[in-house]
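Participant: Here it is, the structure in full.
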Amino acid sequence: MIRREFLVRTLSAAVASLFARDVFAQHSMHNMSGMGDMKDMPGMSPDHATHSHAAPSAGNLAPESALPAGAPLAAFRKLANESSEPGVFRATLVAQPVHRHLMPGHSTALWLYGDAAQGSIVGPLIDVREGDTIEIRFVNRLPQPSTIHWHGLPVPPDQDGNPTNPVAPGATHVYRFTLPRGSAGTYWYHPHPHMMTAEQVFRGLAGPIIVRAADDPLAAFPERHLFFSDLKLASDASIASNDMMDWMNGREGQFVLVNGARRPRLTVAQDERWRLWNGCSARYLGLSLGSAQTFTQVGTDGGLLDKPRDGLPELLLAPGERAEIVVRAGAQPSTAVLTAAVYDRRKMTMTEGHSLPADPAKVLADVRFEPGTSAARALPPTLRPIAPLLSSADGAVDKVPHKSVVFAEAMDMKAMHRPGAMMSALPPGMKFMINGATFDPSRIALTSRAGEVEVWSIENRTDMDHPFHLHGTQFQVIEREQAGAKTPEPYLAWRDTVNVQRGETVRIATVQRDAGERMFHCHILEHEDLGMMATLKVV
Ligand code: C2O
Ligand code: CU
Ligand code: CU
């Protein structure tokens with residue numbers, strides 16, 4: 001294990017924030033040549049690119065009360081289908097700078113999909129069906145290269161918005177793929193450019209996807225959609241830049257938004273199916289409606305579970321993860337607070353060997369239960385059969401190819417203080433690695449054969465949790481191992497993202513269908529940008 005040589009305690013807060021601003025300014029500057037959109041980039045006026053004054057830091061963030069709360073839960077904007085052909089979904093997504101008044105009396109420069117002068121700041125919902133052919137024209141009006149990645153969907157590798165397929169500022173690219181049978185589920189899309197994913201997402205770029213099945217056993221349930229995202233605003237309402245702690249632990253803003261708004265309210269009058277997205281850059285959401293109100297999990301990233309999981313008081317969603325739950329209206333009127341409960345992901349501090357205390361619980365939304373006469377709905381005992389990728393027969397796991405993925409970190413104080421280090425694109429000296437190396441777009445880390453089931457062991461040798469994500473497929477978690485004790489995964493589910501606790505090893509069964517290059521990475525977006533990503537080549 002690489003020891004954390006983390007002597008950053010000598011680095012004052014002032015230096016840290018100066019450092020962060022320079023990193024941000026420099027990072028954006030080198031992609032800005034020839035672009036006319038400077039005014040849309042907070043911190044990008046020429047005086048901000050010098051050392052003349054302090055950048056927004058923890059000291060001058062907007063207070064949590066700065067964003068209005070309590071509005072009815074916003075519905076998603078919906079991406080319109082421009083095609084009238086059956087089975088074809090054709091649409092245009094424009095990524096562009098947009099000004100919105102989130103804080104009364106202030107304007108915030110966001111980057112959004114669509115002009116979104118009104119409505120939710122979350123990207124428009126792509127609502128499609130199994131079997132549909134999707135054709136999305138992506139127009140990049142950002143001052144940086146970008147891509148659209150279809151998180152979790154089984155799309156061909158060359159259509160998946162890999163960082164090696166950037167769409168230049170001003171350019172247009174058409175993504176095309178067909179959704180196979182069995183792909184119904186809850187997905188999302190977001191940018192995936194090399195080393196700029198975190199920034200593009202924290203400025204607002206991300207949106208939900210729902211793929212529907214013709215034979216959905218829960219079609220009778222009314223649906224509710226909750227897309228959680230994080231927002232960090234300076235006191236002048238501009239999007240704050242990343243500071244050192246954001247790079248190290250992943251960015252968490254003072255706001256957690258639900259469908260783009262702070263602490264909305266909703267009324268549940270009958271049993272409902274909720275689709276949940278953790279679209280936060282780094283925040284873990286231990287979702288709870290309080291101890292009096294349990295719920296039933298019916299789905300994960302890749303769609304419905306085999307069987308419902310009843311009576312859950314809490315459900316942890318790591319960054320990037322989705323879930324479907326059924327929330328009961330109950331028999332009596334009541335209220336509940338949807339909360340992200342305390343979860344200790346062992347955020348690091350500037351002092352070696354110490355973790356930050358866990359964050360306090362965070363209120364997400366207010367829920368009223370007002371059951372009507374036909375409130376209750378029965379759940380089928382089997383939602384859809386899921387065949388295990390590997391049979392539980394003795395030895396089946398040993399007969400397939402095995403791959404090892406090791407998460408490691410290294411903090412190098414000397415590099416951080418080298419002259420000029422602060423002017424480099426990303427914080428130097430802070431390394432988040434997979435199998436001993438940071439991401440190199442020209443290197444293939446692992447090779448798999450299309451159609452061949454494999455067992456991957458994902459081992460976390462760092463001091464904090466990391467959510468592992470693999471592109472292009474849905475996998476099954478087999479077991480988790482912590483301090484030598486193995487716990488078989490108690491239920492069958494399709495996932496593309498799984499949390500790996502510090503010191504833990506998670507084993508998954510996985511198979512890729514198409515030849516080409518796939519990414520796998522930590523879904524804390526700052527870690528991804530700092531190199532905790534690698535390429536799988538499928539042959
Ligand atoms: Cu949601 Cu490679 O990412
Ligand atoms: Cu993905
Ligand atoms: Cu990570």
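Participant: State the number of residues belonging to region 116-137 that are in a loop (DSSP other than H, G, I, E, B), in contact (Cβ under 8 Å) with a residue 40 or more places away in the chain and under 18 Å from ALA75 (Cβ atoms).
Facilitator: 6
Every residue, every condition in (1) surrounded by fewer than 17 Cβ atoms within 10 Å (Cβ to Cβ); (2) within 16 Å of ligand 2 (Cβ to nearest atom); (3) modelled with pLDDT of 95 or more, yes or no:
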| position | (1), (2), (3) |
| --- | --- |
| SER241 | no, no, no |
| MET245 | no, no, no |
| MET248 | no, no, no |
| ARG262 | no, no, yes |
| SER291 | yes, no, no |
| ASP301 | no, yes, yes |
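Participant: Would you point out which residue out of PHE468, PHE520, PHE432, PHE439 is within 15 Å of ligand 1 (Cβ to nearest atom), over 17 Å from the mean Cα position of the chain (by Cα) and assigned to a strand (DSSP E or B)?
Facilitator: Only one candidate passes the filter, namely PHE432.
Participant: Sort out which residues of region 424-454 are within 16 Å of ligand 2 (Cβ to nearest atom) and open to solvent by less than 20 Å² (accessible area, probe 1.4 Å), and write them in order of number.
Facilitator: ILE434
Participant: With the checklist (1) within 15 Å of ligand 1 (Cβ to nearest atom); (2) at pLDDT below 95 in hand, flag the one item MET196 doesn't pass.
Facilitator: Unmet for MET196, out of (1) within 15 Å of ligand 1 (Cβ to nearest atom); (2) at pLDDT below 95: (2).
Participant: Tally up the residues in region 455-466 that are acidic (Asp, Glu) and open to solvent by 10 Å² or more (accessible area, probe 1.4 Å), please.
Facilitator: Of the residues in region 455-466, the ones acidic (Asp, Glu) are 459, 463, 465.
Of the ones still in play, those that are also open to solvent by 10 Å² or more (accessible area, probe 1.4 Å) are 459, 463.
Selection size over region 455-466: 2.
Participant: Another question about this same structure. Can you name every residue in region 264-278 that is under 19 Å from LEU316 (Cα atoms) and more than 16 Å from ligand 3 (Cβ to nearest atom)?
Facilitator: ARG273, TRP274, ARG275, LEU276, TRP277
Participant: Tell me, which residue of region 471-497 that is part of a strand (DSSP E or B) and either under 22 Å from PRO156 (Cα atoms) or at pLDDT below 95 (or both) is nearest to ligand 2 (Cβ to nearest atom)?
Facilitator: If we take residues in region 471-497 being part of a strand (DSSP E or B) and either under 22 Å from PRO156 (Cα atoms) or at pLDDT below 95 (or both), then THR497 is nearest to ligand 2 (Cβ to nearest atom).
Participant: Could you figure out which of (1) over 28 Å from GLU370 (Cα atoms); (2) at pLDDT 95 or above; (3) of a type in the set (Gly, Ala, Ser) isn't true of SER355?
Facilitator: Condition (2) is where SER355 drops out.
Participant: Scanning for something assigned to a strand (DSSP E or B), more than 14 Å from ligand 2 (Cβ to nearest atom) and within 21 Å of the chain's Cα centre (by Cα), does region 146-159 turn up at least one residue? Full working, then the answer.
Facilitator: As a first pass, look at region 146-159 and keep what is assigned to a strand (DSSP E or B): 146, 149-151.
Remaining after also requiring more than 14 Å from ligand 2 (Cβ to nearest atom): 146.
So of that shortlist, the ones also within 21 Å of the chain's Cα centre (by Cα) come out as 146.
Yes, that holds for at least one residue.
Participant: Can you tell me which residue in region 66-99 is surrounded by the most Cβ atoms within 10 Å (Cβ to Cβ), limited to those that are touching a residue at least 60 places away in the same chain (Cβ under 8 Å) and of a type outside the set (A, V, I, L, M)?
Facilitator: Looking at the filtered set, the residue picked out is PHE76.
Participant: ARG502 - would you say it is charged (D, E, K, R), within 16 Å of ligand 3 (Cβ to nearest atom) and closer than 20 Å to GLY286 by Cα?
Facilitator: yes
Participant: Search region 523-539 for residues being in a loop (DSSP other than H, G, I, E, B) and under 11 Å from PHE468 (Cα atoms), and hand back the single one that is farthest from the chain's Cα centre (by Cα).
Facilitator: Taking region 523-539 and keeping what is in a loop (DSSP other than H, G, I, E, B), we get 523-524, 530-532, 539.
This time we only want the ones that are under 11 Å from PHE468 (Cα atoms), so: 523-524, 532.
Values: HIS523: 6, ILE524: 7, MET532: 15 Å.
The residue in question is MET532.
Participant: Here is a further query. Quickly run through region 480-510 and pick out the residues that are touching a residue at least 24 places away in the same chain (Cβ under 8 Å) and farther than 22 Å from TRP188 by Cβ.
Facilitator: ARG480, GLU481, TYR491, LEU492, GLN501, ARG502, GLY503, GLU504, THR505, ARG507, ALA509 - these are the residues of region 480-510 that are touching a residue at least 24 places away in the same chain (Cβ under 8 Å) and farther than 22 Å from TRP188 by Cβ.
Participant: Further, regarding this structure: Of all the residues that make up region 192-224, how many are buried (at least 23 other Cβ atoms within 10 Å of the Cβ) and among the acidic types (Asp, Glu)?
Facilitator: So the answer is 1.
Participant: Residues being touching a residue at least 60 places away in the same chain (Cβ under 8 Å) and closer than 22 Å to HIS523 by Cβ: count how many of those fall in region 159-183.
Facilitator: 5
Participant: If you don't mind, another one. Can you run down the residue pairs with Cβ atoms below 7 Å, 6 or more apart or on separate chains, where the first is in region 100-115 and in the same structural domain as ASP236 (by TED's automatic domain parsing) and the partner is assigned to a loop (DSSP other than H, G, I, E, B)?
Facilitator: none
The values are calculated or read from the model by the stated rules, or taken from the named source; none is laboratory data. Bear in mind that the values here come from a model prediction, so they are computed numbers and not experimental data. Cβ coordinates were reconstructed from backbone atoms using ideal geometry, including for glycine residues, and neighbour counts include every protein chain displayed. Side chains included, ligands, DNA and RNA excluded: accessible areas come from the protein's heavy atoms. Shrake-Rupley method; radii C 1.70, N 1.55, O 1.52, S 1.80 Å.
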